[in-house]
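Notes follow the structure.
What follows draws every value from the coordinates through simple rules; no lab data is involved. Note that this is a predicted model, so its numbers are computed, not measured. All Cβ positions, even for glycine, are placed from backbone atoms using ideal geometry, and neighbour counts span all protein chains on display.
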Amino acid sequence: MATPTVTLLPPETCTNYALLPNEKLLSVSIPTSANPQGRGLVGILTVPPAALLDETTMLSATASADHPHPPTHRLAIVLHGKGGHKNYCYQALVAEALATKLGMYSFRFDFRGCGDSQENEQPEKGRKVLEDIEDIELVYDVFKRGGDYAEIGTNLVPNSIIGHSRGSVSMFQWALKQQTRLEMGQSFQFVPNLINCSARYMAKRLLRDLEGKGAFASVLNQYRLGEYRDIKIPAEEVIDLASQDLSKVKLLDHEIQVLSIYGMDDHIVPLSDSTYFANLLGSRHQLTFIPHADHNFYGIQTIDDDNADEFNPEGYPLNKKRKVNWNYKVTETIVDWLHTSNDVQRYKRATQEVYYYPRWRDIEGISNFRDIGGWRTEDNKHYVKAGIIFRCANPSNVTEFGKTQLKTLGVTQFFDFRSLPEFTKAGGLSITGIDVNNVPVFSDVDVSPQAIAQRYKNLLASWYTYKYVYEDMLNHGVNAYKSVLLFLRDNPSTGVVYNCTAGKDRTGVMTMLILLLLGVDHHTIAKEYELTTIGLVPDHARIKEDFYIQMTKLQKRLEYDPDVAAAHKQLNANASMEEMFENLISSRYESMISTIELFNHKFGGIEQYCKSKLGLTQEDIDTIRRNLLTKSSPYPDQNSTWKHRQSMGSLL
């Protein structure tokens with residue numbers, strides 16, 4: 001199949017919307033179309049405003065009053081409904097909010113036959129859900145490798161799909177198609193967050209609208225190719241939509257989370273349709289109702305001074321007809337649901353177990369202790385063995401019972417990445433029957449989170465530049481990381497733990513290397529890293545106390561070291577002490593995604609790093625993979641079943 005092209009279109013192509021400075025109007029060609037030279041899919045790429053700045057200016061800007069969020073690699077794909085286009089309802093609002101508040105990119109586009117995009121393959125038959133699915137697949141693939149296109153400029157991780165009405169139906173059918181491909185062992189696309197706004201579940205009700213209508217079901221006045229016009233909707237389009245069965249959404253991968261939003265005065269889709277999604281998806285689903293809102297999230301009452309308190313208590317803007325624009329409420333709900341603090345909690349619940357075995361282990365005296373196995377590989381053919389490799393924070397306070405727990409887990413080896421002073425200060429580690437290897441990532445240099453406050457003062461202002469800290473670790477931690485990989489080569493199915501002080505940075509880089517070597521996808525690696533946000537909570541008070549002590553010492557040194565004084569002054573100008581602490585303990589998804597991008601660019605990818613930096617051979621790499629990958633049981637020598645990337649039942 002030919003490679004899609006991406007073309008930057010002049011803003012005046014879209015006549016119903018004025019592009020913002022951080023937006024681009026793009027056309028994505030459709031190689032599979034009977035008319036591959038046509039206009040393609042036309043949409044608007046909204047870029048985080050901070051991404052348009054150079055890094056120094058951006059980091060300074062993120063501390064300003066309006067506080068634009070640093071750019072991430074996350075992408076939201078925004079889908080419109082029947083008779084809609086890329087700029088109606090909440091689409092433009094949510095795109096800008098995601099960019100400024102969460103640093104997310106978004107692409108809202110017109111499906112074929114809609115808005116500014118090219119015509120359907122068979123215009124006389126109208127829009128088909130299968131074509132919608134193909135359009136979503138195309139957008140997913142193009143933006144995932146967005147760095148190949150100058151018009152996009154960076155590789156993006158499709159993190160969420162936001163669908164309205166019919167767009168949500170196509171979204172769910174796209175997800176079911178990917179689930180089927182996964183079960184068949186084929187390549188598949190994956191998006192963890194699906195947002196359904198006003199989707200119809202009981203589609204067969206649409207057939208009633210066809211009675212006595214003939215070849216055309218209705219006429220809709222809609223935006224098409226630069227103007228609003230009356231468009232005849234073929235009966236076949238309605239029949240196709242009415243045939244959609246969404247009952248199998250209950251079988252979707254349990255990692256997929258769904259937010260549904262409905263207006264309580266929806267005049268198109270019965271409110272009862274929302275309950276089907278709630279019942280089928282269970283705890284993976286959040287249902288939100290917006291009072292007084294219709295299908296497109298506008299109020300049904302005309303607002304005046306007498307009724308504003310009753311029908312617009314939150315004071316949202318009114319449209320030209322003086323109806324409340326509840327799309328602002330929709331936008332706020334979506335932004336809150338996608339916020340990293342909520343997203344990581346959902347992910348923890350979804351990945352709590354590797355089948356019946358817990359991922360997180362409550363080892364007395366050690367926090368942030370978890371299994372890094374059980375993940376499905378990107379080639380959809382293997383799993384990482386579980387019950388073998390564990391990561392954790394400072395183990396020096398492990399109790400006698402905790403030591404017994406470690407032995408019960410089958411742990412025979414500890415690799416401690418702390419510097420010798422750091423290791424000694426914490427009390428070291430000694431466990432009878434378990435070998436403890438102190439292999440510092442930075443020899444004789446304290447790189448605990450508190451010490452990073454001194455060695456990387458400029459990084460405390462933002463999590464965005466943690467990728468440079470990790471680059472340093474990749475350069476200096478060769479002996480430490482090689483030691484672990486050689487152990488995994490020579491000791492198949494032998495329990496091993498590695499740690500640093502917080503179990504976050506040096507430990508996070510080691511986990512990244514192992515999972516990359518085993519072929520786990522970037523999204524899963526970054527989400528696994530982000531779990532430390534939760535795992536480290538028990539240690540926050542201790543780390544914070546030590547951090548403030550270190551910063552106080554730093555303050556005293558200002559009298560004697562003008563260079564330190566200048567750096568400290570700049571740091572304080574960019575962030576408060578509380579903000580610096582929050583950045584210090586952060587383990588943001590975006591930090592790891594950025595690190596992987598940097599790693600691939602500067603080190604040539606995982607195999608090149610292992611060979612050139614660590615001195616491993618191809619045979620070493622192949623042996624490690626044989627030792628740690630399996631096609632059968634997740635646990636060695638146990639008859640268990642995988643849970644990662646599995647449906648809740650068979651779609652085949």
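Laid out as a table, the results:
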{"quantity": "Length added when fully stretched, Glu310-Asp230, from 0.36 nm per residue minus Cα-Cα", "calculated": "25.1 nm"}
{"quantity": "Sequence-distant residues sharing a close amide H with Arg74 (under 5 Å, placed H)", "calculated": "Tyr105, Val157"}
{"quantity": "Amide H within-cut-off set for Gln286, under 5 Å, with H built and near neighbours excluded", "calculated": "Val258, Leu259, Ser260"}
{"quantity": "Inter-centroid distance (Cα atoms) of region 56-126 relative to region 237-315, Å", "calculated": "20 Å"}
{"quantity": "DSSP-defined antiparallel bridges as percent of all bridges, the chain, nearest 5", "calculated": "45 percent"}
{"quantity": "Dipole magnitude of region 345-630 about its Cα centre (Cβ charges: Lys, Arg +1; Asp, Glu -1), debye to nearest 20", "calculated": "320 debye"}
{"quantity": "Across Lys504/Lys544; Lys213/Lys248; Lys482/Lys504; Lys385/Lys613; Lys24/Lys232, pairs whose alpha-carbon gap is larger than 22 Å", "calculated": "Lys213/Lys248; Lys385/Lys613; Lys24/Lys232"}
{"quantity": "Packing-based ranking, highest mean first, of 22-32, 251-261, 502-512 given that Cβ atoms within 10 Å are counted", "calculated": "502-512, 251-261, 22-32"}
{"quantity": "Helix axis angle, 618-628 relative to the chain longest principal axis, alpha carbon, degrees", "calculated": "80 degrees"}
{"quantity": "Helix axis angle, 589-603 relative to the chain longest principal axis, alpha carbon, degrees", "calculated": "70 degrees"}
{"quantity": "Among 104-114, 73-83, 285-295, the order from most to least packed when residues are scored by Cβ within 10 Å on average", "calculated": "104-114, 73-83, 285-295"}
{"quantity": "Protection proxy ranking, peptides 144-150, 126-132, average beta carbon neighbours within 10 Å, highest first", "calculated": "126-132, 144-150"}
{"quantity": "Helical mean residue ellipticity (222 nm; -39500 (n - 2.57) per DSSP H run of 4+; nearest 500) of the chain", "calculated": "-11000 deg cm²/dmol"}
{"quantity": "0 to 90° range, to nearest 10: angle between helix 466-476 axis and the chain longest Cα axis", "calculated": "40 degrees"}
{"quantity": "Amide hydrogen neighbours beyond the local backbone of Asp521, cut-off 5 Å, H modeled", "calculated": "Glu378"}
{"quantity": "Beta bridge orientation in region 345-630: antiparallel %, DSSP, nearest 5", "calculated": "45 percent"}
